[in-house]
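To keep things clear, I will list the structure first and then write my remarks on it.
The values are calculated or read from the model by the stated rules, or taken from the named source; none is laboratory data. Just so you know, these numbers come straight off a predicted model, no measurement behind them. Neighbour counts run over all protein chains shown; Cβ positions are idealised from the backbone, glycine included.
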Amino acid sequence: MRDAMKRYYITTPIYYVNSAPHIGTALTTIVADACARFHKRRGQEVYFLTGTDENAPKVHRVAQERGVPTQQFVDEMAEVFERTWRALHIEYDVFIRTTEARHKRVVSEVFRRLREQGDIYKGSYQGWYCISCETFFASSKVGEAKTCPDCGKPLEWRDEPCYYFRLSAYESRLKEHLLAHPSFIQPEVRLNETLGFLNEGLQDVAVSRTGSEWGVPVPDDPDSGVVYVWFDALLNYLTATGWLERGEAYLDIWPPDLQLMGKDILPRFHATIWPAMLMALGLPLPKRLYGHGWWIVNKQKMSKSLGNVYAPLEVAGSLAQASGCELPYAIDAFRYYLLREMPTDADAEFSLEGFEARYNGDLANDLGNLLHRTLSMMHRYFEGRVPAGARLDAGLADLFAQQAAQVTEAFEAVDFPRGLREAWQIISAVNRYYDEQAPWTLMKQGHSERAGQVLYAGLIATRLLCGLIEPVMPQVARAIAHQLNLDTVPCWSDALVMNALPTGHSLRTPKPIFPRLQASHSTDTPVRTSGSDKTVQATSTTAMQDMITIDDFKRLQIRIATVKAAEPVPKSTKLLKLTLDVGGEERTIVAGIAEDYTPEQIVGKQIPVLVNLQPALIRGIVSEGMMLAADVDGKAVLLHPDREVPSGSVVR
Ligand code: ME8
């Protein structure tokens, strides 16, 4: 009964709020969102949890360094995380914060219960401690330099009374569980890492810390400081189900079906301490833990001190700016890149050139071009309607079904690179089919019925892809559904229905979703294409794609705004925050002109602004439009009306 009602429960780690989201944290969250959407599309009721880890001493320390009260700091940072995730089209069900009272109650209760049953006991600690990793190390693991074996930072000597969790008592049960459930830890390389870790032998873990008042106080023993942040943080997954508060009802959600994380926090924390805590509480264990690899940049792990950290919205925003792609689609393109190149077993190199190559290759040339050329020909030859009797050739129907099955299996296994490769085979197959069948020649020869049949394959392929890519690119899937004139993005089983578009079904006018990025944008890296014939074809179609109609132009709302205030955006040399008067309405925009104009030079000026651009989050500021300026060798030169005009005047 319970199992039938149970939701599919997916979690990400909860993120430390000492710094803003980056592409590493974005990876885990986007993978989780794609998994959640995939399961929803397959008809499962999903419960997707993410949140922030706010009780860590390092969070407290950063707040102090910045001179901000810690509570205010964590409130602000949690908001930055939530805003970033929403901007990246992440649809979580619950955002948990470990400073919430309900979570603190759970931590205290678990600590108390385990202490009462003897799984937590009081002892004393003498040894080395890494503040950055929040971890104690046995002297045997610490070299001459007394630096942290994990992060390399200097260790501190600690000598204090403290509570221990009896982890060693669970060593054999943990090993048995891993061996009896080989799919508990994925991919396989992480299972092996965990077995290696367990085979070194488990020591009891210190689960209280003195020296900082920030955190959950050790219950009934205030002199013992606060609960160790990992013991506290892991319990968020339980708090979020309503354990303690909802009686048996928490079992509608518990246990997690899939817990996602990076490889650094899998063997010791999620695959050892966490299941041991649950065993001690007598609760069922998560069904699957998946640990992805790391993004590395220029062959080094991304880190703030090396200055190679990328902010997800900036990466997507600059692609949008350079290519003219609408921001929601550029954000989806970023999601695509992260999932297509996702480090699974091994680490993977993140690069802007790689992102641009995937954008031009997979998205503009392959997916975008297939949709655009198919719809263009449907309009040119068949007045934008599905012609009578059009059916998919049996060979292609089989191939589409096989590819879709491969995608399903790969997404189920959290192997998005493989799933997307398989999905793109559908595009290659239709492009090959078009080349072989040449519907344009069939039309010239008067075989319009056959030409309609051939183009129908492109329609069915894009309809199928629209359903299959929704977990990865939800807004792009919506745009494709719109152009195909479907009411909604088809769900998984519906997308697999072949011949689903009836005779007479009308199609909308095609509109490029991914305008091609010109090669001059970032580097001389050649754009990746998948065949010389196709390159020529794609380029000529793109020339056509770049032309817009007067109706396209009319969709732009450009108005004259008067700049009321201007200030630099903190920590950016390029950006100014402008407050504008647009015909009595006040707007904020972020403009990349700080290298060319000072705030004083721009205040009072009248400038054209695109006012119906989707808002974008830039450096934590919501930018509601874009100013237009001339680009002279990369420098911005302001444009003004010939004489002063009323603010809000329309430009057309
Ligand atoms: O560990 N590539 O939080 P966190 C890929 N609060 N993934 C990366 C990465 C990179 N370069 N850098 C970080 C914590 N990550 C704890 C979790 S859960 C109860 C508590 C991933 O903000 C990293 O592997 O330091 C981890 O999964 C996640 O970002 C959060 O890291």
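Within region 249-267, take every residue that is within 11 Å of the ligand (Cβ to nearest atom) and of a type in the set (D, E, K, R) and give me the one that is farthest from Y164 (Cα to Cα). Outline the logic, then answer.
Quick first cut of region 249-267, residues within 11 Å of the ligand (Cβ to nearest atom) only: 259-266.
Keeping just the survivors that are of a type in the set (D, E, K, R) gives 263-264.
On the way: K263: 25, D264: 23 Å.
Looking at residues that are within 11 Å of the ligand (Cβ to nearest atom) and of a type in the set (D, E, K, R), I get K263.
Pick out, from region 603-652, the strands (runs of 3 or more DSSP E) lying fully within it that include 2 or more residues that are surrounded by 14 or more Cβ atoms within 10 Å (Cβ to Cβ) and at pLDDT below 90.
On the way: elements: 606-610, 616-618, 621-623, 629-632, 635-638.
The qualifying strands (runs of 3 or more DSSP E) are 616-618, 621-623.
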Quiz prompt | Qualifying residues in region 278-295 (those that are buried (at least 18 other Cβ atoms within 10 Å of the Cβ) and of a type in the set (A, V, I, L, M)) - the one nearest to the chain's Cα centre (by Cα) | solution = L289
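Among the listed residues V189, V226, V216, identify the single one that is under 30 Å from D415 (Cα atoms), touching an Asp or Glu at 6+ places or on another chain (Cβ under 9 Å) and either of a type outside the set (S, T, N, Q) or within 15 Å of the ligand (Cβ to nearest atom) (or both). Please lay out each step first, then the result.
On the way: V226 fails: under 30 Å from D415 (Cα atoms); V216 fails: under 30 Å from D415 (Cα atoms).
After applying the criteria, what remains is V189.
Conditions tested, residue by residue: (1) free of Cβ contacts under 8 Å to residues at least 12 places away in the same chain; (2) over 29 Å from the mean Cα position of the chain (by Cα); (3) within 30 Å of A320 (Cα to Cα).
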{"residue": "L375", "(1), (2), (3)": "no, yes, yes"}
{"residue": "A413", "(1), (2), (3)": "no, no, no"}
{"residue": "P417", "(1), (2), (3)": "no, no, yes"}
{"residue": "W424", "(1), (2), (3)": "no, no, yes"}
Quiz item: Among the candidates A330, A346, which residue alone is touching a residue at least 12 places away in the same chain (Cβ under 8 Å) and buried (at least 18 other Cβ atoms within 10 Å of the Cβ)?
Solution: A330
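Kindly indicate whether D398 is over 27 Å from the mean Cα position of the chain (by Cα) and at pLDDT 95 or above.
Values: over 27 Å from the mean Cα position of the chain (by Cα): yes; at pLDDT 95 or above: yes.
Answer is yes for this residue.
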Quiz item: Within the set of pairs 6 or more residues apart or between chains, which connect a residue that is within 19 Å of V59 (Cβ to Cβ) inside region 20-31 to a residue that is within 9 Å of the ligand (Cβ to nearest atom) with Cβ atoms less than 6 Å apart?
Solution: H22/V309; G24/W295; G24/M302; T25/Y15; T28/T12; T28/L260; T29/T12
